[in-house]
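Engineer: One structure, as structure tokens, below. Some questions next.
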Amino acid sequence: RDVDPVALRQYLTFLWVPGERTMWQGIRKLPPAGWLSWSERGIERGTWWDWDQSYQEEMPAESWIESVRGTLVEAVDRQLMSDVPLGTLLSGGLDSSAIAGAMRVLRPTSPIRAYTAGVTGDEQDGFADDLPFAREVAAALQLELAEEPLDTSIASILPLLIWHSDEPLADPAIAASYLLCRRARHDGTVVLLSGQGADELYHGYRSHQAVRMASSLSGVPTRLVRAATAIGSAIAGQTGLSSRASPRRVLKMLRYLGATSGERILQLADWGSASIRDEILSPQVRAIDTGEVYGDYLALFEQSRAHTDEERWSYVLFKTFLPALNLTYGDRTSMAASVELRVPYLDRALIEQAGRIPVGLKYRDGRQKWILEEAARPWLPDSVLRRSKTGFGAPLRSWLSGEMMKQMRATLLGERFEARGLFRRQGVLTLLTDLETGRRDVAYIVWALFTFEMWARTFLDAPGVAPTSFAA
């Protein structure tokens, strides 16, 4: 039971392991749409489908809106086939709300159950409180809304979730997903619809904005941007501004704009920085070549047959972030609660249609996912349609620097963690101090280390037995 050092370096870069690698040395996964045949002739492998973005179909915007609306309703209709009680996850954002709107169109008088996480929005983590929006959607569509609270107690269930996941996933959304699925099953709801996939299809992430901005600012000298980034980073580090959402995002954007065209794809994918990882990793893991870490991303960016960088980036996300993180935790946490999770946006008809939609209809009039927003307009309140993009997760930065700091220190500075020989204790100590003081934005890499340690205790130190408790 050995750790793959390349996978560990990737995990601390992306918060999950992309592509075919796993955290296990010598164990691989099939890629999306991959097949493998094993016979006396040996092993053969290949892929049976790929997302084609090479052709954009030009027709009036209104025609595209009607087409997307109709295809979405048809896709949801296919996902509603069930002989057991069925409901939906509802964040109050556009993606899940549009699913709920299509469900109401198809079932105009039937009761529809919806499940939302009750977590307070947080300025430090940069996301708004979902609950008021979810309630507004529920009222407009006459949904039966169940609210599940989410707080720092997620740390107590993380060992169980890691055991279910088989691999470390450093996103607190895994806990929110499990708690909602568990609540649904408790209520007797056996099938849930999810809004996963819409951001990849219709360009809804902040990283899409970054790619678009880089194209429009291509004439600005990179040396000026890098100088501004260096000054801004120094100021943010001294004042603690790097722990706040808006300055943090501005600095990340500046780092992206200051990178060369070949480096930009790496900036988009990276959740931290190479310098921080070098501080905490042992020489063996630190020596892993950058090409091995980012190779999948670069290859996929070139592999896409799309015509713009923005569309190529969506292709990369579709093949990495979506299956390696979102679909993985969605599948494992729903199965852990004996719930079936369905993803209407990943209906093949919707995916292939999205590949033909002109990129100018995905971002229009300063609004991302414009085409989906317009398609869902007859069903949803304006306040939901106008909402800024917000993540599905938890105020991790506030939690770790506050209530959970004692647990982080006990675990990551303990003998068991240090004895693994994968990390430098002084680097980890500096990381925790910076998190507590707000000097650097390192919450997610701290959470990644904590998650990895729980995975290691379950699968490296023990034979994969479901944990009943967790002690530092």
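The values are calculated or read from the model by the stated rules, or taken from the named source; none is laboratory data. Since this is a predicted model, take the numbers as computed values, not measurements. Positions of Cβ are backbone-derived with ideal geometry, glycine not excepted, and every protein chain shown enters the neighbour counts. The protein model used for the area step is the full one, side chains on, heavy atoms only, and it has no ligands, DNA or RNA in it. Shrake-Rupley method; radii C 1.70, N 1.55, O 1.52, S 1.80 Å.
Engineer: Scan A376, A448, A410 and give me the residue that is at pLDDT 90 or above, of a type outside the set (K, R) and open to solvent by 20 Å² or more (accessible area, probe 1.4 Å).
Structural biologist: Numbers: A376 fails: open to solvent by 20 Å² or more (accessible area, probe 1.4 Å); A448 fails: open to solvent by 20 Å² or more (accessible area, probe 1.4 Å).
A410 is the lone residue from the list that is at pLDDT 90 or above, of a type outside the set (K, R) and open to solvent by 20 Å² or more (accessible area, probe 1.4 Å).
Engineer: Sort through I351, I288, I280, I276 and tell me the only one that's under 30 Å from R420 (Cα atoms) and at pLDDT 95 or above. Before the answer, list the steps.
Structural biologist: Numbers: I351 fails: under 30 Å from R420 (Cα atoms); I288 fails: at pLDDT 95 or above; I276 fails: at pLDDT 95 or above.
So the residue among I351, I288, I280, I276 that is under 30 Å from R420 (Cα atoms) and at pLDDT 95 or above is I280.
Engineer: So, one more: Given the structure, is A140 open to solvent by less than 30 Å² (accessible area, probe 1.4 Å) and either assigned to a helix (DSSP H, G or I) or modelled with pLDDT of 95 or more (or both)? Lay out the reasoning, then the answer.
Structural biologist: Values: open to solvent by less than 30 Å² (accessible area, probe 1.4 Å): no; either assigned to a helix (DSSP H, G or I) or modelled with pLDDT of 95 or more (or both): yes.
So A140 does not fit the description; no.
Engineer: I've got another one for you. Specify the residue that is surrounded by the most Cβ atoms within 10 Å (Cβ to Cβ); the eligible residues are those in the stretch 143-172 that are among the small types (G, A, S), at pLDDT 90 or above and within 20 Å of the chain's Cα centre (by Cα). Spell out how you get there, then give the answer.
Structural biologist: Within the stretch 143-172, the subset among the small types (G, A, S) is 146, 153, 155-156, 165, 170.
So of that shortlist, the ones also at pLDDT 90 or above come out as 146, 165, 170.
Next, only the ones that are within 20 Å of the chain's Cα centre (by Cα) stay: 165, 170.
Values: S165: 21, A170: 23.
Here the answer is A170.
Engineer: For the condition modelled with pLDDT under 95, over 14 Å from F452 (Cα atoms) and of a type outside the set (G, A, S), what is the one hit in P60, P32?
Structural biologist: Exactly one residue qualifies, and that residue is P32.
Engineer: If you don't mind, there's one more thing I want to ask. Quick check: anything in the stretch 416-425 surrounded by fewer than 17 Cβ atoms within 10 Å (Cβ to Cβ) and among the aliphatic types (A, V, I, L, M)?
Structural biologist: yes
Engineer: Among all residue pairs at least 6 apart or on different chains, which show Cβ distances below 8 Å where the first residue, located in the stretch 17-32, is without any contact (Cβ under 8 Å) to a residue 12 or more places away in the chain and surrounded by fewer than 18 Cβ atoms within 10 Å (Cβ to Cβ) and the second is part of a loop (DSSP other than H, G, I, E, B) and polar (S, T, N, Q)?
Structural biologist: R28/T22; K29/T22
Engineer: Okay, moving on. Taking the condition of being outside any strand (DSSP E or B) and open to solvent by 40 Å² or more (accessible area, probe 1.4 Å), how many residues in the stretch 36-53 meet it?
Structural biologist: First pass over the stretch 36-53, keeping only residues outside any strand (DSSP E or B): 40-41, 48-53.
From the residues that got through so far, the ones that are open to solvent by 40 Å² or more (accessible area, probe 1.4 Å) too are 40-41, 48-50, 52.
Residues in the stretch 36-53 being outside any strand (DSSP E or B) and open to solvent by 40 Å² or more (accessible area, probe 1.4 Å): 6 in total.
Engineer: Something else now. Would you confirm, using the coordinates I've provided, whether S82 is polar (S, T, N, Q), modelled with pLDDT under 95 and surrounded by fewer than 24 Cβ atoms within 10 Å (Cβ to Cβ)?
Structural biologist: On the way: polar (S, T, N, Q): yes; modelled with pLDDT under 95: yes; surrounded by fewer than 24 Cβ atoms within 10 Å (Cβ to Cβ): yes.
Spelling it out, S82 is indeed polar (S, T, N, Q), modelled with pLDDT under 95 and surrounded by fewer than 24 Cβ atoms within 10 Å (Cβ to Cβ).
Engineer: So A7 clears everything in (1) open to solvent by less than 20 Å² (accessible area, probe 1.4 Å); (2) modelled with pLDDT of 95 or more; (3) touching a Gly at 6+ places or on another chain (Cβ under 9 Å) except one condition, right? Which one?
Structural biologist: Checking A7 against (1) open to solvent by less than 20 Å² (accessible area, probe 1.4 Å); (2) modelled with pLDDT of 95 or more; (3) touching a Gly at 6+ places or on another chain (Cβ under 9 Å), the one that fails is (3).
Engineer: Which residue, of S334, S388, S383, S398, is closer than 30 Å to A456 by Cα, surrounded by fewer than 22 Cβ atoms within 10 Å (Cβ to Cβ) and among the polar types (S, T, N, Q)?
Structural biologist: Sole residue among the options that is closer than 30 Å to A456 by Cα, surrounded by fewer than 22 Cβ atoms within 10 Å (Cβ to Cβ) and among the polar types (S, T, N, Q): S398.
Engineer: Exactly one condition in (1) buried (at least 23 other Cβ atoms within 10 Å of the Cβ); (2) in a helix (DSSP H, G or I) is false for M454; which is it?
Structural biologist: (1)
Engineer: Take the residues in the stretch 259-268 that are among the hydrophobic types (A, V, I, L, M, F, W, C) and open to solvent by 10 Å² or more (accessible area, probe 1.4 Å); name whichever of them is modelled with the highest pLDDT. Can you show your working first?
Structural biologist: Here is the first cut: in the stretch 259-268, the residues among the hydrophobic types (A, V, I, L, M, F, W, C) are 259, 265-266, 268.
Filter once more, so that each one left must be open to solvent by 10 Å² or more (accessible area, probe 1.4 Å): 265-266, 268.
Values: I265: 74, L266: 75, L268: 79.
It comes out as L268.
Engineer: If I filter the stretch 192-211 for residues that are among the hydrophobic types (A, V, I, L, M, F, W, C), within 23 Å of D347 (Cα to Cα) and open to solvent by 10 Å² or more (accessible area, probe 1.4 Å), do I get at least one hit? Give the steps one after another, and end with the answer.
Structural biologist: So in the stretch 192-211, the residues among the hydrophobic types (A, V, I, L, M, F, W, C) come out as 192-193, 198, 201, 210-211.
The next check asks that each one be within 23 Å of D347 (Cα to Cα); those that pass are 192-193, 198, 201.
From the residues that got through so far, the ones that are open to solvent by 10 Å² or more (accessible area, probe 1.4 Å) too are none.
No - not one qualifying residue is present in the stretch 192-211.
Engineer: Determine which single condition A117 fails, assuming it passes every other condition in (1) part of a strand (DSSP E or B); (2) modelled with pLDDT under 95; (3) open to solvent by 30 Å² or more (accessible area, probe 1.4 Å).
Structural biologist: (3)
Engineer: Can you name the number of the only condition in (1) part of a helix (DSSP H, G or I); (2) modelled with pLDDT of 95 or more; (3) not small (G, A, S) that T13 fails?
Structural biologist: The single condition T13 does not satisfy is (2).
Engineer: Could you give me the residue pairs with C-beta distances under 6 Å whose first residue belongs to the stretch 61-75 and is farther than 17 Å from G355 by Cβ and without any contact (Cβ under 8 Å) to a residue 60 or more places away in the chain, whose second residue is in a helix (DSSP H, G or I) and small (G, A, S) wherever it lies, and which are 6+ apart or on separate chains?
Structural biologist: Note: pairs meeting the criteria are V73/A102.
Engineer: Also: Could you count how many residues in the stretch 81-97 are within 17 Å of the chain's Cα centre (by Cα), polar (S, T, N, Q) and not in a helix (DSSP H, G or I)?
Structural biologist: The qualifying residues number 1.
Engineer: Also, quick follow-up: Could you check the stretch 316-331 and list, in sequence order, the residues that are in contact (Cβ under 8 Å) with a residue 40 or more places away in the chain and open to solvent by 40 Å² or more (accessible area, probe 1.4 Å)?
Structural biologist: At the first step, the residues of the stretch 316-331 found to be in contact (Cβ under 8 Å) with a residue 40 or more places away in the chain are 316-330.
Across the stretch 316-331, the qualifying residue is only L327.
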